[in-house]
1. Within the range 201-211, is even one residue among the polar types (S, T, N, Q), on the phi < 0 side of the Ramachandran plot and out of contact with any Lys or Arg (no Cβ under 9 Å at 6 or more places or on another chain)?
2. Hey, among the residues in the range 231-246 that are at pLDDT 80 or above, open to solvent by 20 Å² or more (accessible area, probe 1.4 Å) and not hydroxyl-bearing (Ser, Thr, Tyr), which one's farthest from ALA128 (Cα to Cα)?
3. Just wondering, is there one or more residues in the range 21-33 that are surrounded by fewer than 18 Cβ atoms within 10 Å (Cβ to Cβ) and more than 25 Å from THR105 (Cβ to Cβ)?
4. Please find, among ILE103, ILE81, ILE142, the residue that is open to solvent by less than 70 Å² (accessible area, probe 1.4 Å) and touching a residue at least 12 places away in the same chain (Cβ under 8 Å).
5. Hey, can you tell me all the residues within the range 250-269 that are open to solvent by 30 Å² or more (accessible area, probe 1.4 Å), farther than 12 Å from ILE218 by Cα and in a helix (DSSP H, G or I)?
6. Within the range 106-138, how many residues are of a type in the set (Asp, Glu) and touching a residue at least 40 places away in the same chain (Cβ under 8 Å)?
Amino acid sequence: MPYAFRRARAALDLGLIAVFSVVLAVGYNFFLLPHKVLSGGVSGIAMMIGLLTPLNPGTLIFLLNLPLFVFGFFTLGRLFILRTILSVVLTALAMNVLPVEPIATDAVLSSVFGGAVVGLATGFIFSASGSTGGLDIIGMFIARRMDFPMGMLMSATNALIIFVAGFLFSWDQALYTMLSIYVSGRIVDAIFTRHIKLTLLIVTGRGEAVREALLRQIVRGITVLEGIGAYSKEKKTVLMTVATRYELPLIKSLIRQADPHAFVNILQTVEVVGAFTRLPLDAELRPDAGLRRPEPPV
């Protein structure tokens, strides 16, 4: 079941990456580019060059990402970069096919809704274990090591693009770009929550079965406590573990299989001090992820 669960999730992830890569191109061509509003990172640089030259911004996005693909291959893993290449290629193709035509004539509305569309697409691509390339690769590299919100990282690296846009075009365009990037970053942070840690308190009458199921399938330590029902007076086992939000669907599936009547309380964790295993992205993306390196219980 866990293997089939991961295979199904991998297929869903690829589908999400394909769909939202096209949505990303829609945000660029129909909302931002017609009003000379830029996106952030490498895409913003490509859009800036595309507005100043006859070159298509989609093609430039692909070319500028080539060295970052190499960086990501060695730091984030082959499977992650393959998904990123899929996203960048589909976005570049869609930007070459779709016309650059404004949906709205108002630049402020286009900046807000364009930022929302770009943030929505980027957030779902991140959630599907891919990226839109560019500074997203660097941001993913930093976020996995520092548990830092991805949208905040993206916003911090885009200040230079905003200032350059002001000098090359106008300060109105720079402010529109700032607005779009801000909206995009907030949407990404709302959707992409893999860096968020969760504490699970599992109260079950089948403690050993639940413990074995979790230790066999996830790379997380588990603390086992003894409990007793205040009303029923029945002895219960309480298992406590910390996991990422990305792992939560699999963990809930494993608990339901081992004990359909288990009571699970899920709390958002502010900070984890001590040993917390961060799997490489390639390890998370393999269908057999978590089956090879069980961590001894706490």
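1. The first filter runs over the range 201-211 and keeps only residues among the polar types (S, T, N, Q), leaving 204.
From what is left, the residues that are on the phi < 0 side of the Ramachandran plot are 204.
Those still in the list that are out of contact with any Lys or Arg (no Cβ under 9 Å at 6 or more places or on another chain) too: none.
Scanning the range 201-211 turns up no residue that is among the polar types (S, T, N, Q), on the phi < 0 side of the Ramachandran plot and out of contact with any Lys or Arg (no Cβ under 9 Å at 6 or more places or on another chain).
2. Filtering the range 231-246 for residues at pLDDT 80 or above gives 231-244.
Pick out the ones that are also open to solvent by 20 Å² or more (accessible area, probe 1.4 Å) and you get 231-238, 240, 242.
Now drop any that are not not hydroxyl-bearing (Ser, Thr, Tyr), which leaves 233-236, 238, 240, 242.
Details: LYS233: 44, GLU234: 42, LYS235: 41, LYS236: 37, VAL238: 32, MET240: 27, VAL242: 21 Å.
By that ranking, first place goes to LYS233.
3. no
4. On the way: ILE103 fails: open to solvent by less than 70 Å² (accessible area, probe 1.4 Å); ILE142 fails: touching a residue at least 12 places away in the same chain (Cβ under 8 Å).
Sole residue among the options that is open to solvent by less than 70 Å² (accessible area, probe 1.4 Å) and touching a residue at least 12 places away in the same chain (Cβ under 8 Å): ILE81.
5. Within the range 250-269, ARG256, GLN257 qualify.
6. Residues of the range 106-138 that are of a type in the set (Asp, Glu), as a first pass: 106, 136.
Applying the additional criterion that residues be touching a residue at least 40 places away in the same chain (Cβ under 8 Å) yields 136.
Matching residues across the range 106-138 total 1.
The values are calculated or read from the model by the stated rules, or taken from the named source; none is laboratory data. Because the structure is predicted, anything quoted here is derived from the model rather than measured. A quick note on method: Cβ atoms are made from the backbone with ideal geometry, for glycine too, and the neighbour counts reach across all protein chains shown. Remember, those area values only see protein heavy atoms, side chains included, never the ligands or the DNA or RNA. Shrake-Rupley method; radii C 1.70, N 1.55, O 1.52, S 1.80 Å.
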